[in-house]
Every structure is written in structure tokens, then in C-alpha cells.
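The values are calculated or read from the model by the stated rules, or taken from the named source; none is laboratory data. Fair warning: this is a prediction, and the values are worked out from it, not measured in the lab. Cβ placement follows ideal geometry from the backbone for every residue including glycine, while neighbour counts extend to all protein chains displayed.
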Amino acid sequence: MNLNRPVIRLLILKDWQLFEKQLAAYVLAGLGALTLLGLARPWAFYLGSLALIVVVVAAACFAISNSLLVERKEQTLAFVMSLPVSPLDFTISKLLGNLLTFGVPFCVLLLGTLVVILSTPLPDGLVILATLLFGHILLAYSVSLAVAMQVESEGWNTFAMIGSMVLVNPFLMALGQIESIQGPIRQDAIAWSLPAALILGAQLLVSVVVLVHTAWWHGRKAAFY
Amino acid sequence: MTAAFAVSGLCKRYPEFALQDVDLSLPEGQVMGLVGVNGAGKTTLLRLLTGLAAPDAGSIEVLGHRLPEAQVAAKRDIGFASEDMRLYRGRSLDWHIELVRRIYPAWDHAYASELIRRFDLRPAQPLGGYSHGQRVKALLLLCLSRRPRLLLLDEPTTGLDPVARAEVLETLADVLRDEGRSVLFSSHNTHDVERLADSIAFLHQGRLVAHADKERFLDNWRRVLCLGGGAAEVSGWPELAQVRAAGSQVEIKVRAWSEDLPQRLSAAGLSVQRVDPMALEDIFVTAVRTGGAA
Amino acid sequence: MHSDALILLSAADSRPMYQQIVDQITARVMAGDWGPGQPLPSIRELAAGSGVSVITVKRAYEELERAGLIHTRHGKGSVVADRPEPARGRLEGELSQHLRRAIDVGARLGLDRSALHHRLDVALEPTPEPALRSKGTDS
């Protein structure tokens, strides 16, 4: 199957241009949260980690809703579809565009978090918890993105986004129940236990499978409607 | 001669609507006007012709490309603008031009600049501040400046003020200078179709009820005013779309005019007072009200 | 734009558009604006310039050809006929016929000569022509 690479590249660039300012603002807000985290005081730690989660979740929802839901609602989608693209080209451009618009702030904040943990008096074992937390948001993001590409209903999309994102709370509580994960978090050494590694592996695997399946599903379609 | 597009046996079913068995083609260099009430299937047909929708049955060929399979190649040569298509409100016309120009190698920069002047658009202003008419003109500019071989326009003049409408129509008329370029446009405004179209396609309830060159189409119809009492007698004649009596005056709308009709009418007791050509608008309304047979 | 390629069409005119084109070109030839042998604008040029479909202009040219007012050489476009006189004669005949019919109807209404003159004067009064298409770009 032939992909119209130049147009895909332009469409990704277009989405990047449309959202770069807002995404930069999310990164700035995230860096503010990281500063709080870096103070390594209990109140600042809780406030900072909460703010960090809010910022990453907000950036994820922003990227999905602006590139897909708003485009559908404001009828700019019709304009994009009139350009020389096939449904597969369009899907690929949306997937890659989203991985870029969300991926950049996501990676910046993930790296920032790790740097803050490692370079401050915070126990280095927190790296495991932080990575699993980002892993969950990545998974929730991938599922929400797939739903947004598949389902037109605004209600279901909101449900998928909010539902999957707030699951981060029970997820953290569940992690607290697993002794082999909970134990090393307070230590200054980074010791990946088997359950922690399995959870992270599952998060990454499911994310990739969901996105590839979405691309395959749309690639089979000959037309948009 | 190659056809700008040709469809045959075209069917597309939606839960509440179906386009049924449409055969239609447009020779290159011609303008076709698509008329029909809301929900007649105009938008569905245009979506099929751009490859956005796949037909349930039948074949579609646009500029030599089979759709929807070859929609990417076809869309390189198609300029499509529909009423429900919007541009990015937060971005300027210049930004859109830059995006579209990089996709279409045939982009005509001089023509785009001329259209900006003619349409009186401010290219650096975010489109959120444009009026409806300005947005329509911006969209048309993006379509026209890429010099497409086929223009597909869904309601290009709907909602425009008279001045903007005149500008848009004059610009469309300019396209006629090039005999390699073809236009299909749908419109509620039958005056626009009557003026610009070489042929007329008339959709009603998902079916193509008439398709003819415009002059022949208009020539078939007449409004005949008669005096006399034979209205009931002639009302069943197949060539008469509508017979209405007001006292002794009888108005007849003829869908298949022939020169001997006045004689036959007077033989039936109706003396013909005057015979007038009909505007497309009048034909359209008459045809829809009398069940769509045109 | 060349003003030759401009026909002023009115949507409010009850004549079909091709007839308006025929009448305006006939008037230009009769007025001597366009002399014998003068090339007419091409069909596409006239259509684009006047904002009317190609098929309508084509039909108008066919009517003009039939009336002997223009000649169309295949592939070379149309020119005003060398001697549009036959066309003139035909139009004169048409005018006389209309006048005779007007006089007949006048007689049935009981109008005398001066009343008929008056009616003709009234009919000649310039009625405001609605909705002439204005072109900003022509010379």
C-alpha cells in the first residue's frame, strides 16, 4: 500500500503548528510542578506530584481532543479529507502527529521527573513508581486516541479519556499493595522487581498493540464514509 | 474526448436515505449544475465523486481514475469545496495558502494574489474574524488557485450576500476560459445554475430524474396561458406537468413542449393567449411538486 | 477585458438568455459597432466575459448563423457576415408584421391614429432596466 509521505508530513507539521504554543505552556507548567517536587519537602512533594499528574493528563486530553474531536466538530476535517490523502494516510498522519504533539511534552516531563528524582534528596527508588505512573498515562492516552479515531460520539470520547485517566488513582493504590514494588520505592537504589517490570512491559505492549490495530483497521477502509 | 467524470449504476445506502442507480457523466470543459431539494442526494453524490465515500454498487471514474481506490491521484486534480467545510479559525489565509501550496505543485501564486484582491480578503488576519462570505471566498481561493481540472462545489453561493455572490459567480465564469477544466456545482439558487451551467442534473429523492443540456432542458418547458373550459379534459395529458384553472383562465405548465400543442389545446376547447419560456426556478418547483418527473 | 466580449444580461428580462445575446449582437451589427468581416469573440471568451454558460452562447451563435448575420468558419471562429443585408431585410419584415398586428389589435380596441401614436410613445419611454450586471474589470 502506497503512502503519500509528503502530504502526511505536511499534515503532521500542520497539527504541530496548531498546538505548539499550548503544548509549550503544558511543558512550562510541568516544569513548575517538577520544581515543587524537587524541593523534597512532604507538602511540596504531594503538591508537585499532583500538579505533574494533572499537567500530563491535561496535555494528553488536549492533544487528542484538538487534533481529532475539535477537527470533527469544527468541520475542518472535511477540508483535510479533500486533500490528496487516503484514509490510511490520514490515520497515519493523525497517529504520528499525536505521538509527536503529545510525545514531546510527555518525554520532556518524564525525563525531567527522572532527573529531579535522581538529583535531589528524594529516594531514587521513586523512579520505578514515576515510570509506572507515566506508563499508565501513556496507556490511557493510547486507548483514548484509538477511541477518538474510531468513535464519533463526543460522550463516549469524554468517557474514554476521563475514565482511563482517573484510573491512575486506583492504579497507584494497587501498586501500594504490592510489597515487591512498594518496598524498593523508599530506598535509594533502583531495584526493578519482576512485577514492576511486567507491569511496565504490559503497559507498553498494550499501547503499541492498540495503536497498530487502529492503523490497521483504518487502513482496510477504502473511503472515509 | 475524456470525461471529467462518469458514474454508472451508482448506489449508496444510508439508514435514512439512499442514492439509487445514478448514471451521469460530464464531458471535459463543461459546467454541470446539480439541482434538487435538501436531502435529494447532492452532497452524497459529491462525496462519492471525491472518493470520500465508497459506493455500495456501481462504478465511479473521475479524470480517468477509479474511485475510491485511486482517490489520492484523483484528488490532486480536484478542487472540492462544500458548504460544511471549514478552515482553521485560529490561522490566517496566508497560513492556509502555505499549507495548500506545498501540496499542489500547480499552485498559481499570481492568480491567488489576484483573487485576494478581487475578493478583498485580508490574508494575515486569523479566519475566526472573517464573515461567512469571506470564509467561503477564502475556501474557493484555495480551490481555484491550485488550478484543478475538475471543480466540485457544493452550494458555493449559499448564504452569500449579493455582492459576494456576484464576485464568486464571475470568478467561476473565468474558469470557463480554459476548455480543459470542468465544473460540477450544486446550488439552491437556480438562477446561478441557469446562468452558468451547460447541463443540468436534477436529483429527487436519491434518483436522477433528469439530465440534459441546459438549453434543451429549458426548451422543453413552457408556461401556457389559455382561456376556456377544457382544463379537466387536458389535465391527464402526459406532456403537461400542471394544469390550474382560475375562473375561465387556465395556466398550463408544459414539460414536453411541441409546436403543435397550441392547436391541440384549442381543439380541446382552450384558446391559447400566450406562451412563455419558464425560468429554471419555476421548472424546478413545478417538477418537485408534481412528483419529480422532469 | 475587451468590452466586445461582454453581453449585458438581465435575470429580470423575460427573454431566455440566448435570445438576449442574439438581440444584443444583432443590435451591435445593425448599429455598425461591428462591421462586416469583424471577428466575433470566441464562444468561450464571450461566455466567461459575460458570466453565462458556453452552451447558451453556442446556441445564440447558431441562431445568428441561421439568420445570416454571422458566418462560422470551422475551427476559425465566427465573423460578422459580409452582407448582413438579408438579415436586415428579414428583421424589417418582422417589424412590419408586428406593427400590422399592433394596428389590428388597436382597431379592435377602437383606438384612433393619435391614440396609437401615444401608445407607441409610452412604450418607447425608457423603463428602468433592473439588475444589469455590472462588471468592475472591463474597460
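If I ask for residues that are in a helix (DSSP H, G or I) and modelled with pLDDT of 90 or more, which ones from region B:174-186 would you list?
If the condition is that a residue be in a helix (DSSP H, G or I) and modelled with pLDDT of 90 or more, then no residue fits.
For the subset of region A:125-164 comprising residues that are of a type in the set (Ser, Thr, Tyr) and under 12 Å from the mean Cα position of the chain (by Cα), which member is surrounded by the fewest Cβ atoms within 10 Å (Cβ to Cβ)?
Among them, the one singled out is A:Ser164.
Mind checking which residues of region A:125-180 are farther than 13 Å from A:Leu68 by Cβ and of a type in the set (D, E, K, R)?
The one that is farther than 13 Å from A:Leu68 by Cβ and of a type in the set (D, E, K, R): A:Glu179.
Checking the conditions here, which among C:Leu46, C:Leu9, C:Leu95 is among the hydrophobic types (A, V, I, L, M, F, W, C) and farther than 30 Å from B:Ala166 by Cα?
C:Leu95
Working only within region B:169-182, note down all residues that are more than 10 Å from chain C (Cβ to nearest Cβ) and in contact with a strand residue (DSSP E or B) (Cβ under 9 Å, 6 or more places away or on another chain).
B:Arg181, B:Ser182
Which one of these does A:Leu175 not meet: (1) closer than 30 Å to A:Arg5 by Cα; (2) away from chain B (no Cβ under 14 Å)?
(1)
So, in region C:37-87, exactly how many residues are over 29 Å from B:Thr190 (Cβ atoms) and within 14 Å of chain B (Cβ to nearest Cβ)?
2
Is it true that B:Ala212 is of a type outside the set (D, E, K, R) and either within 14 Å of another protein chain (Cβ to nearest Cβ) or crowded, with 16+ Cβ neighbours inside 10 Å (or both)?
Answer is yes for this residue.
Hey, among B:Gly29, B:Gly9, B:Gly33, which residue is in contact (Cβ under 8 Å) with a residue 12 or more places away in the chain, part of a loop (DSSP other than H, G, I, E, B) and either facing another protein chain (nearest Cβ under 8 Å) or over 30 Å from A:Glu20 (Cβ atoms) (or both)?
Checking each option against the conditions leaves just B:Gly29.
When the residues of region B:36-70 are narrowed to those that are of a type in the set (Val, Ile, Thr) and within 11 Å of chain A (Cβ to nearest Cβ), which ends up farthest from the chain's Cα centre (by Cα)?
B:Ile60
Which one of A:Leu111, A:Leu77, A:Leu126 is farther than 30 Å from A:Arg5 by Cβ and of a type outside the set (Lys, Arg)?
A:Leu126
Consider region B:179-199. How many of its residues are aliphatic (A, V, I, L, M) and over 8 Å from the mean Cα position of the chain (by Cα)?
2
Which of the numbered conditions does B:Ala81 fail, given that it passes all the others? Conditions: (1) closer than 26 Å to B:Phe217 by Cα; (2) crowded, with 19+ Cβ neighbours inside 10 Å; (3) aliphatic (A, V, I, L, M).
So B:Ala81 meets the others, but not (1).
Assess whether B:Ile97 counts as being under 18 Å from B:Ser145 (Cβ atoms), over 19 Å from the mean Cα position of the chain (by Cα) and β-branched (Val, Ile, Thr).
The answer is yes for B:Ile97.
Residues B:Phe202, B:Phe217: which one is among the aromatic types (Phe, Trp, Tyr) and either within 9 Å of another protein chain (Cβ to nearest Cβ) or under 11 Å from the mean Cα position of the chain (by Cα) (or both)?
B:Phe202
Report yes if some residue within region C:98-106 is acidic (Asp, Glu) and under 25 Å from C:Met30 (Cα atoms); otherwise report no.
no
Which residues, taken from region B:187-202, are acidic (Asp, Glu), in a helix (DSSP H, G or I) and within 22 Å of B:Ile78 (Cα to Cα)?
Within region B:187-202, B:Asp192 is the sole residue that qualifies.
If I ask for residues that are within 12 Å of another protein chain (Cβ to nearest Cβ) and of a type outside the set (A, V, I, L, M, F, W, C), which ones from region B:148-168 would you list?
Listed by number, the residues that qualify are B:Pro148, B:Asp154, B:Pro162, B:Arg165, B:Glu167.
Do you know which of the residues in region B:71-86 that are facing chain A (nearest Cβ under 7 Å) and outside any helix (DSSP H, G or I) is farthest from B:Ser131 (Cα to Cα)?
Ranking the candidates gives B:Phe80 first.
Table: residues versus (1) surrounded by 14 or more Cβ atoms within 10 Å (Cβ to Cβ); (2) hydroxyl-bearing (Ser, Thr, Tyr); (3) out of contact with any strand residue (DSSP E or B) (no Cβ under 7 Å at 6 or more places or on another chain).
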residue	(1), (2), (3)
B:Arg222	yes, no, no
B:Ala241	yes, no, no
B:Ser248	no, yes, no
B:Lys253	yes, no, no
B:Glu259	no, no, yes
B:Leu265	yes, no, no
B:Val272	yes, no, no
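Taking the condition of being more than 12 Å from chain A (Cβ to nearest Cβ) and either part of a helix (DSSP H, G or I) or β-branched (Val, Ile, Thr) (or both), how many residues in region B:95-147 meet it?
Qualifying residue count for the region: 21.
Quickly run through region B:148-169 and pick out the residues that are in a helix (DSSP H, G or I) and touching a residue at least 24 places away in the same chain (Cβ under 8 Å).
Scanning region B:148-169 gives B:Ala164, B:Arg165, B:Glu167, B:Val168, B:Leu169.
Which of the helices (runs of 4 or more DSSP H) contained wholly in region A:18-122 include at least 1 residues that are touching a Pro at 6+ places or on another chain (Cβ under 7 Å) and surrounded by 21 or more Cβ atoms within 10 Å (Cβ to Cβ)?
Because the criterion is at least 1 residues that are touching a Pro at 6+ places or on another chain (Cβ under 7 Å) and surrounded by 21 or more Cβ atoms within 10 Å (Cβ to Cβ), the helices (runs of 4 or more DSSP H) in region A:18-122 that meet it are A:42-64.
Is one or more of the residues making up region B:48-62 crowded, with 23+ Cβ neighbours inside 10 Å, not in a strand (DSSP E or B) and not aliphatic (A, V, I, L, M)?
yes
Looking at A:Ala40, A:Ala78, which one is without any contact (Cβ under 8 Å) to a residue 24 or more places away in the chain and more than 21 Å from A:Val208 (Cα to Cα)?
A:Ala78
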